[in-house]
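Here's the structure, in C-alpha cells; my notes come after.
The values are calculated or read from the model by the stated rules, or taken from the named source; none is laboratory data. None of these values were measured; they are calculated from a predicted model. Note: ideal-geometry Cβ built from the backbone for every residue, glycine included; neighbour counts use all protein chains shown.
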Amino acid sequence: MSGIAIMTSGGDAAGMNPAIKAAVDHARQLGMNPYVVYDGLEGLIDGKIKEATRELTNDMIYRGGTLLRSSRSKRFFDYEFRKQAYEHLKKRNIDKLIIMGGDGSFRALNDFFNDFEVPFAGIPATIDNDIAGTDYCLGVDTAQNVILDCIDSVRDTARSHHRAFVIETMGRDCGYLAMTTALCSAADICIVPEIPYDLESIYKRLQPVINEEGSCIIAVVAEGTRVAQYLTRWLTERAGMDTRLTVLGHVQRGGSPTARDRLMGTRFATRAVEALNNGDINQIMVYHDGQYGYASLDSVAGQQYSVNQDIINLCRELSC
Ligand code: F6P
C-alpha cells in the first residue's frame, strides 16, 4: 500500500489540526496508508514519522496550533540532510507528502522532489495571508477573531481613560491582518506597509475626536511598518493623548480554529489528497475568487501577494 505523510512547517496556524485530520481520514478512505511527521522538515530529517492511528486524530478538530508541531528548518537546504530524510521515507514506503506552511516550505519540498522524485501537495497556512495565488491561507480567520477580541477589550479601557492605544499586529511584511481588523474594529488609524501615511492629516481628521469628552483613539499598526513606538510617541506629543502601546504578539497565532478555518482546512486537505491520488503532483491548494483550485509552485513561491484593492482603498481613509 502506498504511504502518504502529512506535516506542518513554518509558523503554526489555526486550521492545521482540522486539515491534518481531514488529510489522514481521506487518505485512508482512498486506500492509502497515512503517516504523520512531527516537527516539520526537521522531523523529516530525523525520522520522526509515525503511522497515523485513528486515536491520533481524535479531538484534533478543535485544537489550535499544530499537534504535529512545526519548525523552520535550515538543515533541509543541505542535500545530505534531504538524503537522510528520503531514507526515512523509503524505509516506510512513503511516496507522497502533504505540507502545510508558506512558500519557503513548498520550495523545500520542490527541491526534495528534484532530488528524489517524492511528489507533494502544498496547503497555504499562515496567519500573514501573504501567499500569492490564493485569497486565503489557513489560520487567518482565527487570528482575525483573536485580534478583534483584543481590540474590543482595549477599547473598553481606552474609553474609560480617554486614552489612545496603538495596537501592533503580526503579518510580517503584509498588512492584511492589520487592515482587515482595523476595518472590523472601527479603528481610527491604520498604518500598513501597502499604504503611505500622513500623520499631519490624521491629526487634522482626528482633532474633534481628541477634544471630545470620553473619547478614545484606536490605531492598528502592522508589524512590518516598524512604526508602532514612533506612533505612540507622536500621539502623546503631537496629539496630546495619554497613549499606550499594545503589541499583540504570539497570542494572535493561538486559539481554537474558527468554523471557517476548520472548513477551509478540511477542504484544502481533502483536495490535496485527491490531487496526489490523481497524479496532479507538486500543486499548491488555492482559494481564489470563491473557487478552490490548484496552482503551480512557480506561480506561488517568490511572487508578490497583493491585498485586495477594495480593502486597501477602505484603509486609505484611516492612513491620512
Ligand atoms: O509568519 C507568521 C508569523 O507569526 C509572522 O506574522 C511573524 O512575524 C513571525 O511569524 C513570528 O515568527 P516567530 O514565531 O518565529 O517569532
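Within segment 197-215, not a single residue is within 25 Å of the chain's Cα centre (by Cα) and assigned to a helix (DSSP H, G or I). Note on segment 303-320: among residues that are modelled with pLDDT under 95 and under 16 Å from the mean Cα position of the chain (by Cα), the one that is farthest from TYR176 (Cα to Cα) is GLN304. Among all residues of segment 199-212, there is none that is touching a Cys at 6+ places or on another chain (Cβ under 8 Å), within 24 Å of ALA13 (Cα to Cα) and either surrounded by fewer than 19 Cβ atoms within 10 Å (Cβ to Cβ) or at pLDDT 95 or above (or both). Number of residues in segment 222-266 that are in a loop (DSSP other than H, G, I, E, B) and farther than 22 Å from GLU194 by Cβ: the value is 9. All of THR180, THR142, THR157 fail the test of being in a helix (DSSP H, G or I) and within 22 Å of ASN17 (Cβ to Cβ), apart from THR142. In segment 161-174, which residue that is in a loop (DSSP other than H, G, I, E, B) and more than 11 Å from the ligand (Cβ to nearest atom) is surrounded by the most Cβ atoms within 10 Å (Cβ to Cβ)? Filtering first and then ranking leaves HIS162. Of the residues making up segment 183-196, those that are within 23 Å of the chain's Cα centre (by Cα) and not in a loop (DSSP other than H, G, I, E, B) are LEU183, CYS184, CYS190, ILE191. If only one of LEU56, LEU97, LEU44 is part of a helix (DSSP H, G or I), surrounded by 21 or more Cβ atoms within 10 Å (Cβ to Cβ), away from the ligand (no atom under 16 Å from the Cβ) and aliphatic (A, V, I, L, M), which one is it? Within the list LEU56, LEU97, LEU44, the selection yields LEU44.
Scanning segment 242-270 for residues that are buried (at least 23 other Cβ atoms within 10 Å of the Cβ) and away from the ligand (no atom under 16 Å from the Cβ) returns ARG262, MET264, GLY265, PHE268, ALA269.
For ARG69, are the conditions met, namely being modelled with pLDDT of 95 or more, assigned to a loop (DSSP other than H, G, I, E, B), farther than 17 Å from ILE4 by Cβ and more than 16 Å from the ligand (Cβ to nearest atom)? Spelling it out, it is not the case that ARG69 is modelled with pLDDT of 95 or more, assigned to a loop (DSSP other than H, G, I, E, B), farther than 17 Å from ILE4 by Cβ and more than 16 Å from the ligand (Cβ to nearest atom).
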